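A.B. asks: Dumping the structure here so I can ask a few things about it.
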2 protein chains.
Amino acid sequence: MMDKADYILRAEYVVTMDGEAGEPVFRDGAVAVKDGTIAGVGPEADIEKRFGIGRAGQDRTGAGADWGDGRLKVILPGFVNTHTHAPMVFLRGLADDLPLKEWLEKHVWPMEDKWLGPEFINDATELACLEMLKAGVTTYNDMYFFEGDAAGAVARLGMRAVLGAGIVDFPTRVAKNTDEYFERAEEFIGRFLGEELITPSIAPHAPYTCGPEGQKRAALMAEKYDIPVHMHLSETKWEVGEIQRLYGKRPVDFLDGLGVLTSRVIAAHCVWLDDGEIEILAKRGVSVSHCAESNLKLASGFAPAAKMLRAGVKITLGTDGAASNNDLNILGEMGTASKLQKTVSGDPTAMDARSVVRMATRWGAEALGLGGRTGSISEGKSADLVMLDLDKPHLTPIYNIYSHLVHSARPSDVQHVMVAGRPVIKDGRLTNADEREILEKARMWGKRISQESVSKQVL
Amino acid sequence: MMDKADYILRAEYVVTMDGEAGEPVFRDGAVAVKDGTIAGVGPEADIEKRFGIGRAGQDRTGAGADWGDGRLKVILPGFVNTHTHAPMVFLRGLADDLPLKEWLEKHVWPMEDKWLGPEFINDATELACLEMLKAGVTTYNDMYFFEGDAAGAVARLGMRAVLGAGIVDFPTRVAKNTDEYFERAEEFIGRFLGEELITPSIAPHAPYTCGPEGQKRAALMAEKYDIPVHMHLSETKWEVGEIQRLYGKRPVDFLDGLGVLTSRVIAAHCVWLDDGEIEILAKRGVSVSHCAESNLKLASGFAPAAKMLRAGVKITLGTDGAASNNDLNILGEMGTASKLQKTVSGDPTAMDARSVVRMATRWGAEALGLGGRTGSISEGKSADLVMLDLDKPHLTPIYNIYSHLVHSARPSDVQHVMVAGRPVIKDGRLTNADEREILEKARMWGKRISQESVSKQVL
């Protein structure tokens with residue numbers, strides 16, 4: 001008897017990143033999808049035989065219909081952006097070329113103080129998801145305020161996200177004290193646990209903003225609900241000095257002393273680490289979100305990503321917020337991270353293209369505890385797929401598909417994107433909402449913000 | 001009496017980069033074009049009054065017609081790519097993640113040995129020009145073989161280029177000895193001197209490949225014909241050691257001792273310089289082509305670009321060849337250079353966005369001796385213009401146009417491009433040749449090259 005599929009997608013290159021199968025790339029390959037799940041992947045002829053679906057009747061749902069001429073150029077797993085603050089798209093380019101302290105105190109914080117609220121979060125998250133989906137990102141890992149309001153926008157646009165309930169030691173609009181932060185967090189986690197597209201996480205902001213009590217309670221809550229822990233770690237040299245001053249230890253040593261470093265933790269940045277700290281991250285199975293462009297733009301430093309990789313740390317890629325990047329483009333991060341680490345490590349063979357594609361897909365998913373569900377084109381995983389065009393001057397000729405993905409491909413090469421088997425981007429356009437409306441709302445917010453902004457721009 | 005114009009282009013932002021006028025940005029601005037030259041630029045109302053052209057009858061030539069709804073988003077000067085080897089697009093991604101020596105000796109040189117010739121150069125130059133024009137580059141500075149054959153392709157596509165007659169101390173297909181190199185060079189210069197779009201230059205390859213005699217003769221020839229000198233300089237640490245071994249001096253000191261460093265010189269890379277060398281470059285008026293992405297990818301090192309800038313060196317931007325980048329995208333170089341230099345210099349205010357736009361436009365043109373002709377939107381200069389869309393998620397909202405150009409804009413945001421007042425890209429498509437044909441030829445070359453290549457790719 002034949003296996004069943006709703007539709008089959010065919011492409012010149014099917015880049016699986018399937019770890020258990022040795023990450024095969026199938027030339028003239030195909031992916032069979034059934035109920036939003038990958039039912040099979042392999043050479044086109046094998047898949048057609050197994051599923052009994054030829055060129056005619058290739059699609060029983062319409063989801064895979066009319067994509068190209070029946071044969072796409074490249075199918076690959078959706079990208080995973082493992083560290084961002086999605087709503088900060090509304091601050092994109094608001095105040096560049098400034099020292100971090102001035103940028104935060106005179107621009108970002110006053111703006112957030114004035115405007116943050118459910119409507120801001122909803123509208124900004126829509127814009128961020130639109131931007132990411134168009135660039136082939138199907139899953140992102142967020143940390144900001146009012147994540148419950150973000151969840152609505154994410155679900156409406158059909159994207160996958162891990163949304164972090166933030167914990168800090170000082171009062172904000174979210175909560176007055178530690179107890180209230182954890183009550184809110186637990187409520188948030190209960191609301192979204194078990195959802196298909198939204199995964200709740202707990203987000204103790206950073207060692208310098210969330211001390212021993214918050215860190216320990218966050219770790220316990222993550223264990224209780226089996227969810228990820230999302231934090232900033234050793235982003236700046238200042239932070240290392242501050243933690244040493246407060247606790248007499250470097251940040252990783254401090255957290256390890258609390259017993260909170262586990263394989264649930266995804267730590268963003270990790271720029272300032274000594275060799276002992278790298279060893280601890282590897283031993284505890286902590287994943288790192290390497291945010292190369294943000295680190296460069298804020299002059300934070302060069303993260304030892306290639307060195308961590310050699311030490312066995314799972315490196316993944318994050319854009320950070322658009323205010324410090326200034327976009328949410330994982331393809332761009334792939335190129336920057338690969339090139340930069342060759343010089344940082346002094347080794348042109350470091351951070352090779354295939355490893356970087358792995359970081360942006362399967363490892364990203366695994367770091368978020370979603371390795372069973374997304375991150376590679378593997379039987380049984382969700383059909384979170386990106387379809388890329390190659391018929392462009394900057395992608396011609398082609399010798400190595402991984403090299404093209406890392407160094408030459410751009411968001412504008414993304415043709416179609418599906419999440420859980422449902423098309424979310426088709427021919428470069430959003431399927432689930434009106435792009436013009438999202439942009440119109442964003443422009444309105446931009447006007448409000450620039451009228452209030454302390455920063456008087458030259459223009 | 002009214003001033004005369006063939007047509008007027010209107011935009012929300014006209015980014016002039018006009019140095020003498022203080023680089024004004026006109027909101028609701030306009031550019032008047034007459035006989036391929038910029039006849040006026042300023043606020044829309046002023047330009048309409050001065051040229052007596054209202055919305056009706058705005059275009060008497062068709063060149064400016066049907067571009068947007070009569071009002072574009074952004075008009076800016078065409079980008080200048082000050083260092084590339086355009087035909088190396090055919091080697092794009094052929095052999096990444098390798099040490100420089102292995103990459104050159106086992107992959108690049110054998111390929112060039114086998115395939116280089118007029119047809120290769122023509123077809124590859126077409127692809128490179130297509131890629132650059134679509135990304136808003138209107139002028140590029142090239143160094144490769146058989147530049148006479150490149151010139152045909154450049155002119156056919158309507159682009160502006162400075163093409164360098166290469167000089168090295170050893171025999172190649174181009175010439176057997178120094179005398180023959182200079183005869184060939186003089187012949188090439190004579191052929192193209194005074195052309196509208198093509199400017200010949202002399203290109204003593206690098207201090208380690210072109211010794212004292214070649215360097216001195218090149219400087220004399222440049223003076224004789226009033227043309228630029230294009231060279232590689234201090235790209236790798238190895239080069240510094242080699243020049244010290246051969247001549248007992250560091251590369252800049254060595255060249256300065258020969259008396260060949262003048263304001264005609266555009267030196268690519270300049271990664272390994274000491275403070276004294278930076279001072280010499282500033283004093284002699286040498287311009288630098290900063291190739292950030294190539295330097296990173298080949299693990300060459302971090303060029304002290306922000307430091308050179310502070311010392312008064314004219315920094316411009318180059319992509320280098322696509323084999324070491326892997327694209328010809330100046331917008332990408334702008335973002336990389338700005339972000340990277342903030343961390344390299346430890347100063348988040350370094351390489352601010354406006355300075356970087358200047359490097360990619362006016363300074364690039366001035367470095368190539370074309371400052372009177374292109375590089376800014378100034379009355380009397382050629383209408384080399386890029387028109388950019390802003391109606392995109394990754395460009396919304398907008399607070400500062402320079403920040404968007406440097407950190408967020410992508411080649412796919414380029415709508416229209418004109419060179420000398422003639423449209424070369426319209427609605428993202430080449431006007432002067434068939435894109436499909438150019439891509440088809442490139443794919444055929446790719447097949448030939450990969451069959452012969454020593455590199456057996458995984459795929």
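The values are calculated or read from the model by the stated rules, or taken from the named source; none is laboratory data. This one's a predicted model, so the numbers in the text were calculated from it and none came from an experiment. Note: ideal-geometry Cβ built from the backbone for every residue, glycine included; neighbour counts use all protein chains shown. Side chains are part of the model used for accessible areas, which takes the heavy atoms of the whole protein and leaves out ligands, DNA and RNA. Shrake-Rupley method; radii C 1.70, N 1.55, O 1.52, S 1.80 Å.
A.B. asks: With an 8 Å cut-off on Cα pairs and a minimum separation of 6 or more residues, tell me the relative contact order of the stretch B:79-367 in percent. Please list the in-between numbers first.
C.D. replies: Values: 555 pairs, mean separation 56.0, N = 289.
RCO, the stretch B:79-367: 19 percent.
A.B. asks: Measure up B:314/B:342; A:339/B:426; A:297/B:314; A:73/B:101; A:342/B:106 against 24 Å on the Cα-Cα distance and list the ones that go over. List each step's numbers first, then the result.
C.D. replies: Working: B:314/B:342 18 Å; A:339/B:426 33 Å; A:297/B:314 22 Å; A:73/B:101 33 Å; A:342/B:106 20 Å.
Over 24 Å Cα-Cα: A:339/B:426; A:73/B:101.
A.B. asks: Where does helix A:275-284 land angle-wise versus the long Cα axis of chain A, in degrees 0 to 90, nearest 10?
C.D. replies: Its long axis makes an angle of about 60 degrees.
A.B. asks: If we hang a label 7 Å off Cα along the beta carbon direction at residue A:429, how far is it from the matching labels on the other copies, in nm, shortest first?
C.D. replies: For residue A:429, the inter-copy label distances come out at 1.8 nm.
A.B. asks: Okay, next question. I want the local charge near residue A:135. Using Cβ-Cβ distances under 13 Å, sum +1 for each Lys or Arg and -1 for each Asp or Glu among the other residues.
C.D. replies: Counting the neighbours of residue A:135, the net charge comes to 0.
A.B. asks: Another question, then. Inter-copy label distances at residue A:248, 7 Å along the Cα→beta-carbon direction, one decimal in nm, shortest first?
C.D. replies: Residue A:248 label point versus its equivalents elsewhere: 5.9 nm.
A.B. asks: Ok, one more. List the residues whose amide H sits under 5 Å from the amide H of residue A:72, counting only those 5 or more places along or on another chain, with H placed 1.01 Å from N in the peptide plane.
C.D. replies: A:10, A:11, A:12
A.B. asks: Suppose every K and R has +1 on its Cβ and every D and E has -1 on its Cβ; what is the size of the dipole of the protein assembly as shown about the Cα centre, in Debye to the nearest 20? Please report the intermediate quantities before stating the final value.
C.D. replies: Numbers: 106 positive and 130 negative charges, 8 e Å.
Magnitude of the dipole: close to 40 debye.
A.B. asks: How big is the charge dipole of chain B about its Cα centre, in debye rounded to the nearest 20, if each Lys and Arg gets +1 on its Cβ and each Asp and Glu gets -1 on its Cβ?
C.D. replies: Numbers: 53 positive and 65 negative charges, 90 e Å.
With only Lys, Arg, Asp and Glu charged at Cβ, the dipole is about 440 debye.
A.B. asks: Next question, about the same structure. Rounded to the nearest 500, what is the 222 nm mean residue ellipticity of chain A from helices alone, with -39500 (n - 2.57) per DSSP H run of 4+ residues and division by all residues? All intermediate terms of the calculation are to be shown ahead of the outcome.
C.D. replies: Values: 15 runs with 160 residues, N = 459.
Per the formula, -10500 deg cm²/dmol.
A.B. asks: For the stretch A:70-100, state which residues have at least 50 Å² less accessible area in the presence of all protein chains than in their chain by itself, taking the probe as 1.4 Å and leaving out ligands, DNA and RNA.
C.D. replies: A:92, A:97
A.B. asks: Ordered by residue, what ³J(HN,Hα) values in Hz, to whole numbers, does the stretch A:119-134 give under the Karplus form 6.51 cos²θ - 1.76 cosθ + 1.60, where θ = phi - 60° and Gly and Pro are x?
C.D. replies: My calculation for the stretch A:119-134 gives 5, 4, 4, 4, 5, 6, 5, 4, 4, 5, 5, 4, 4, 5, 4, 5 Hz in order.
A.B. asks: Which whole-Hz ³J(HN,Hα) couplings does the stretch B:352-364 yield from phi under the Karplus relation 6.51 cos²θ - 1.76 cosθ + 1.60, θ = phi - 60°, glycine and proline marked x?
C.D. replies: So the Karplus estimates, Gly and Pro as x, are 4, 4, 4, 4, 5, 5, 4, 4, 7, 10, 5, 5, x Hz.
A.B. asks: Mind listing, in residue-number order, the residues in the stretch B:5-27 that have at least 40 Å² less accessible area with every protein chain present than in their own chain alone (1.4 Å probe)?
C.D. replies: none
A.B. asks: If all Cα-Cα distances of the stretch B:79-367 are sorted into 5 Å bins from 0 onward, what percent lands in each bin, rounded to whole numbers?
C.D. replies: 1, 6, 13, 18, 20, 19, 14, 7, 2, 0, 0
A.B. asks: Can you check what the net charge comes to around residue A:318, using other residues whose Cβ is under 14 Å from the Cβ of residue A:318 (Lys, Arg +1; Asp, Glu -1)? Intermediate results must be reported in sequence, preceding the final value.
C.D. replies: Working: positive: A:297, A:314; negative: A:142, A:235, A:293, A:320, A:327, A:333.
Taking every Cβ under 14 Å from that of residue A:318, the sum is -4.
A.B. asks: Evaluate the charge dipole of the stretch A:242-375 about its Cα centre and quote only its size in Debye, nearest 20, assuming +1 on the Cβ of each Lys and Arg and -1 on the Cβ of each Asp and Glu. Please report the intermediate quantities before stating the final value.
C.D. replies: Details: 16 positive and 14 negative charges, 66 e Å.
Dipole about the Cα centre, nearest 20: 320 debye.
A.B. asks: For the rotation that superimposes chain A on chain B, which residue of A has the C-beta lying nearest to the axis, and at what distance in Å?
C.D. replies: Nearest-to-axis residue on chain A, with distance in whole Å, is A:412, 2.
A.B. asks: Keeping every protein chain present and rolling a 1.4 Å probe, give me the accessible area per residue for chain B in Å².
C.D. replies: On the way: 15450 Å² over 459 residues.
Spelled out: the 1.4 Å probe surface of chain B, per residue, equals 34 Å².
A.B. asks: Can you list the copy-to-copy distances for residue A:262, using a point 7 angstrom from Cα toward Cβ, in nanometres, shortest first?
C.D. replies: Listed shortest first, these distances are 7.2 nm.
A.B. asks: Along the charge dipole of the stretch A:79-367, pointing to its positive end and built from +1/-1 on Cβ of Lys, Arg, Asp and Glu, which listed residue (A:91, A:361, A:230) has its Cα farthest out?
C.D. replies: About the Cα centre, the residue reaching furthest to the positive side is A:361.
A.B. asks: Give the aspartates and glutamates whose C-alpha is closer than 12 Å to that of residue A:381, dropping any in the same chain fewer than 8 places away, or say none.
C.D. replies: The qualifying aspartates and glutamates are A:18, A:35.
A.B. asks: Let me ask something else about it. Ignoring ligands, DNA and RNA, what percent of the accessible area of the stretch B:79-367 is carbon or sulfur (1.4 Å)?
C.D. replies: C and S atoms contribute 50 percent here.
A.B. asks: Another one. Can you tell me the orientation of helix A:178-192 relative to chain A, as the angle in degrees between its alpha-carbon axis and the longest Cα principal axis, to the nearest 10?
C.D. replies: Taking the Cα atoms of chain A, the angle to A:178-192 is about 10 degrees.
A.B. asks: If you add up the charges near residue B:242, with Lys and Arg at +1 and Asp and Glu at -1, over every other residue whose beta carbon is less than 12 angstrom from its beta carbon, what do you get?
C.D. replies: Values: positive: B:237, B:245, B:249, B:250; negative: B:235, B:239.
Once positives and negatives cancel, what remains is +2.
A.B. asks: Follow-up. I'd like the mean, over residues of A:342-354, of how many other protein chain beta carbons sit within 10 Å of each residue's own Cβ. Let's see the in-between values first.
C.D. replies: Details: counts 8, 11, 3, 1, 3, 3, 14, 6, 2, 1, 3, 4, 2.
Going residue by residue through A:342-354 and averaging, the value is 5.
A.B. asks: Once phi is turned into ³J(HN,Hα) by the Karplus curve 6.51 cos²θ - 1.76 cosθ + 1.60 with θ = phi - 60°, what whole-Hz value does each residue of the stretch B:319-326 show in order, with x for glycine and proline?
C.D. replies: 8, 6, x, 5, 5, 10, 9, 10
A.B. asks: Shifting gears a bit: In degrees from 0 to 90, rounded to the nearest 10, what is the angle of the helix A:237-247 Cα long axis to the longest principal axis of chain A?
C.D. replies: 60 degrees
A.B. asks: For chain A, with the dipole built from +1 on Lys and Arg beta-carbon atoms and -1 on Asp and Glu ones, taken about the Cα centre, which of A:397, A:121, A:421 lies farthest toward the positive end?
C.D. replies: Farthest along the dipole direction, towards plus: A:397.
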